[in-house]
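Engineer: Here it is, the structure, as C-alpha cells.
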Amino acid sequence: MSGPMSGKEFSVAVIYDSGHRESVRKDVSSGEASEAFKHYTDPKISAAQRLGLVKRVILSHQSHTIREWVLPETRETTEKRIEHYLSEVLRILEANRFDPEEIKKAKAAFNTWQPILDEYKRERKEKENT
C-alpha cells in the first residue's frame with residue numbers, strides 16, 4: 001500500500017547517458033530510496049556508474065525532487081564511455097554475425113580511437129604526477 005499514510009512516498013529515477021530514464025524505485029520507504037540512491041551514485045557499487053553511463057540520479061518525495069546527483073563530466077569519464085561504446089559496437093557486430101567487411105570497419109574505427117584514448121590517459125597520469 002502506498003500513499004500519504006503509508007510512508008512509502010519516495011521514488012528514485014536514473015537517467016542514463018543514452019537519455020533513457022528508468023524508475024528504479026517507486027513508492028518505497030525513505031530508507032529503501034536512500035539505499036537505491038547510494039547504489040546508483042557510488043562507483044564502488046555500480047558498474048554503470050563506474051563506466052560513466054549513469055548521468056543523473058533523482059530522489060523524489062511525492063513528485064518533488066529532494067536530492068539529485070549529476071555525473072561530473074571529466075576526461076576520464078569521457079574516455080571510459082568511448083571505450084565502452086566502441087567495445088559494445090564490436091560485440092554487437094560480431095554477435096549478430098554482420099558482414100565481415102562491416103566488422104573490419106568497426107575494428108578500424110576502434111583502432112583509430114584507441115591511440116587517442118591512450119594519449120589522453122598518458123597526459124592525465126602525467127598531470128596527476130606533477
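Engineer: Being of a type in the set (A, V, I, L, M) and surrounded by 15 or more Cβ atoms within 10 Å (Cβ to Cβ) is the filter here; which residues of the range 104-121 pass it? Outline the logic, then answer.
Structural biologist: Let us first name the residues in the range 104-121 that are of a type in the set (A, V, I, L, M), namely 106, 108-109, 116-117.
Result: ALA106, LEU117.
Engineer: Would you point out the residue of the range 24-50, among those that are of a type in the set (Ser, Thr, Tyr) and under 19 Å from the mean Cα position of the chain (by Cα), that is farthest from HIS64 (Cα to Cα)?
Structural biologist: Checking each candidate, the answer is SER46.
Engineer: A further question follows. Mind checking whether some residue in the range 59-78 is under 30 Å from LYS125 (Cβ atoms), in contact with a Leu (Cβ under 6 Å, 6 or more places away or on another chain) and surrounded by 13 or more Cβ atoms within 10 Å (Cβ to Cβ)?
Structural biologist: No, the range 59-78 has no match at all.
Engineer: Just to be sure I understand the filter: pairs with C-beta atoms under 8 Å, separated by 6 or more residues or on different chains, first member in the range 10-27 and in the same structural domain as LEU59 (by TED's automatic domain parsing) and in contact (Cβ under 8 Å) with a residue 24 or more places away in the chain, second member assigned to a strand (DSSP E or B) and among the aromatic types (Phe, Trp, Tyr). Which pairs pass?
Structural biologist: That search, which allows pairs on different chains as well, returns ASP27/PHE10.
Engineer: Consider ALA95 carefully, then state whether it is within 24 Å of the chain's Cα centre (by Cα), surrounded by 15 or more Cβ atoms within 10 Å (Cβ to Cβ) and either β-branched (Val, Ile, Thr) or over 20 Å from ARG50 (Cβ atoms) (or both). Walk me through it before giving the result.
Structural biologist: Working: within 24 Å of the chain's Cα centre (by Cα): yes; surrounded by 15 or more Cβ atoms within 10 Å (Cβ to Cβ): no; either β-branched (Val, Ile, Thr) or over 20 Å from ARG50 (Cβ atoms) (or both): yes.
So ALA95 fails the test.
Engineer: Which condition number does SER87 fail, the rest of (1) assigned to a helix (DSSP H, G or I); (2) of a type in the set (Ser, Thr, Tyr); (3) modelled with pLDDT of 90 or more being met?
Structural biologist: Of everything listed in (1) assigned to a helix (DSSP H, G or I); (2) of a type in the set (Ser, Thr, Tyr); (3) modelled with pLDDT of 90 or more, SER87 misses just condition (3).
Engineer: Exactly one of (1) of a type outside the set (D, E, K, R); (2) surrounded by fewer than 10 Cβ atoms within 10 Å (Cβ to Cβ); (3) within 21 Å of the chain's Cα centre (by Cα) is unmet by ASN129. Its number?
Structural biologist: So ASN129 meets the others, but not (3).
The values are calculated or read from the model by the stated rules, or taken from the named source; none is laboratory data. Predicted model only: the values in this text are computed from it and were never measured. We place every Cβ from the backbone using ideal geometry, glycine too, and count neighbours over all the protein chains shown.
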